[in-house]
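The values are calculated or read from the model by the stated rules, or taken from the named source; none is laboratory data. This is a predicted model, so every value here is computed, not measured. Counting neighbours? That spans all protein chains shown, and the Cβs are built from the backbone with ideal geometry, glycine included. Each accessible area value is taken on the protein alone, full model and side chains, heavy atoms only, with ligands, DNA and RNA left out. Shrake-Rupley method; radii C 1.70, N 1.55, O 1.52, S 1.80 Å.
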Amino acid sequence: MSARGMQVDVSDVPVAVSSLRVEFNGGSGYTNESFARGLMSGIFAAKDFSGLTEAIRQGEKDLTGLGLYRTVDINLRRSSKRLCPEVILKLDEKRRPFMKAGISLSSETAEPTLEVAGTMRNLFGNAESLNAQVNFGNKETGSVKLTFQKPKIFDSPKRFEAPYGTFTSTMSYSGGVKCASFLESHLGMLFKVTSESTRHQALYSVTWRDTKPLPNPEDSKKRRKKKKKKLLSNSVLAACKPSLKSAVQYTFTNNTTDSTWVPTRGVYSRFFAELAGLGGDVSHVKMEATSRGYVPLTPHLSVGLGGFAGLLVSTEGFKLFGGETYLNDRFFLKGVRDLRMRGFKEFGPMDEADALGGDAYFTLGAHVSYSPPIPILRNNGLRLHAFANCGNMCLLNEESGFGGLSKLWGNDVRTSAGFGMVAPTPCGRFELNCIQSIDGKPLHMQLLWAIDTDFI
C-alpha cells in the first residue's frame, strides 16, 4: 500500500511543549498574559499528542467560558527542537463596556421583569467584571444591584493545573417586593464562592429588611364596592417589622437532565441550607430540597416525577423553636409551584384573607409530556403535558415541636390536576395550563400561565 493511502496514529507520539506565546488581535489586549498562561498551563504537563490535544481543548473551553473573547484560536508551530512544538494562543477580545436591556426572571418573585444592565468586562485584566443592574416588575417595584465577580480565584495545588472557583460580591437595594400579604424592601450585601462545576456554593449575607402589610386584592375589591377600608389581619400587622439578618448559606446542585427548561430524561437535585443568627435580629435554621427525574417512554413521550420540601426552625435564644419565625423568611409558593396549586383560594395557614406562609411545606407532582408531530413546535422544544400535584404547608411552634409536621399529612392536603403546554424561553420554563383543584367541589378549571426556573 502506498504511503499516501495510509493513516498514521500519532496520539502516542511523545511531545514536550517548548513555549506558549499569547497574541491579541490588534497587537495588544486588556487580558494579563500571566492569567491566560495560567489557564493554558495544562499543555506543559502533556507527555504525548493525545494529552496535548486534551489540554488544548480544556484551555480553549476555560477561556471561551469567560465570555470575554469573540474567538479563541490555538495553533502549534514547529520549534528548533524535534517534537517540542510552540503553542500560539490568539485572543480576539470583546469590548470592555457592555450594555443590555431586556426581560429577565426575578429571583425574588419568579415573574418576568424589565432589566437594564451595564457591565465593565475584564476590569483588571484577570477576567474580573463589574455589573450594575436595575429591575422593574409588577411585583417588584424597583431593585438595584452592583456586582463584582472574579472567576478562577483559587490556584490549584497541583502543578500545571488551571485555577478554579468564582468569587462574587453583590450590594443590592429593593424598593419593594410583593409577596402574598406583605411588601418587603431591603438593603444588603453578600459574598459568594462557587465551585468550578457550580455544584457547590457557599454564601454569607447581611441584610436590613422592612415589611409592610398589603391588602388582599379580592378583599380590597369587595370593600371598595362597599366603600369600606381593608381590615388587615392581626397576624400580618404584628409580623410586619424591620429586622437585620446575618446568615451563611450552602447550596448543592446536581443536574444530569437533557434540557434546562423542558427536560425529558435525567435527574435534577438541589439542597439548600441556611443558618441565620451571626448577629442581627434573626436566628433560625432553614433547609429546602428538591428533586425531579424524567424517563423517556418513546422518542417523543416522557414521564416525570418530582417534589419540593422545606423546613424553617427558629433558634432564638439558642434553642429550637425558641420564638416565632419572621414572616419574610417563611415559605410561600411562587412561579410554577404556585401556578399548579392556584386552583385553591387558600394554601397553608391563613388569617382572614391573608396568607401567613409556612415553616414547613411539601409539594409533589407527576406529569406526562408529549412532543407533537409539528416541525415548528418540535424544533422550538414546545411540548404538551398533563399533570397532577399535591401539597401542604404549616406553621410550627415550641409546644408541638417537630411533631407539628404531622399537620402536613392531615385532611388539609391540597390536590390539583390539569393539562397544557410547556416551552423553553430565555427567562425560564413557560407553562400555560388549564388547572382544576380536586377538593370535592364542582369542576371549575382556570387558564393560568407562569415562567419559572424551579418546577416539578
**Q.** Where W208 falls short, out of the listed (1) assigned to a loop (DSSP other than H, G, I, E, B); (2) among the hydrophobic types (A, V, I, L, M, F, W, C); (3) open to solvent by 30 Å² or more (accessible area, probe 1.4 Å)
**A.** (1)
Q: Check the stretch 282-290 and report whether any residue there is acidic (D, E) and modelled with pLDDT of 95 or more.
A: yes
Q.
Checking the conditions here, which among K286, K334 is surrounded by 17 or more Cβ atoms within 10 Å (Cβ to Cβ) and either more than 26 Å from the chain's Cα centre (by Cα) or closer than 30 Å to A423 by Cα (or both)?
A. K334
Q) If D359 satisfies every condition in (1) closer than 18 Å to L311 by Cβ; (2) open to solvent by 50 Å² or more (accessible area, probe 1.4 Å); (3) at pLDDT 90 or above; (4) of a type outside the set (K, R) but one, which is the exception? A) (2)
Q. Of the residues that make up the stretch 305-319, is at least one of a type outside the set (A, V, I, L, M), open to solvent by 50 Å² or more (accessible area, probe 1.4 Å), within 19 Å of the chain's Cα centre (by Cα) and modelled with pLDDT of 95 or more?
A. no
Q. Where residues in the stretch 412-429 are without any contact (Cβ under 8 Å) to a residue 60 or more places away in the chain and under 22 Å from F332 (Cβ atoms), which of them is most open to solvent (accessible area, probe 1.4 Å)?
A. D412
Q | Residue that is surrounded by the fewest Cβ atoms within 10 Å (Cβ to Cβ), among those in the stretch 57-92 that are among the acidic types (D, E) and in contact with a strand residue (DSSP E or B) (Cβ under 6 Å, 6 or more places away or on another chain) | A | D73
Q | Cβ pairs under 9 Å, 6+ apart, first in the stretch 61-75 and among the aromatic types (F, W, Y), second in a strand (DSSP E or B) and buried (at least 18 other Cβ atoms within 10 Å of the Cβ) | A | Y69/L91; Y69/E93
Q) Given the structure, is G322 modelled with pLDDT of 95 or more and touching a Ser or Thr at 6+ places or on another chain (Cβ under 9 Å)? A) no
Q | In the stretch 156-198, the residues that are without any contact (Cβ under 8 Å) to a residue 12 or more places away in the chain and open to solvent by 30 Å² or more (accessible area, probe 1.4 Å) | A | P157, K158, S197
Q: Mind listing whichever residues of the stretch 378-411 are closer than 21 Å to F321 by Cα, out of contact with any helix residue (DSSP H, G or I) (no Cβ under 8 Å at 6 or more places or on another chain) and buried (at least 17 other Cβ atoms within 10 Å of the Cβ)?
A: G404, K407, L408
(Q) Just to check your reading of the model, which residue among N75, N122 is within 27 Å of M40 (Cα to Cα), touching a Leu at 6+ places or on another chain (Cβ under 6 Å) and polar (S, T, N, Q)? (A) N122
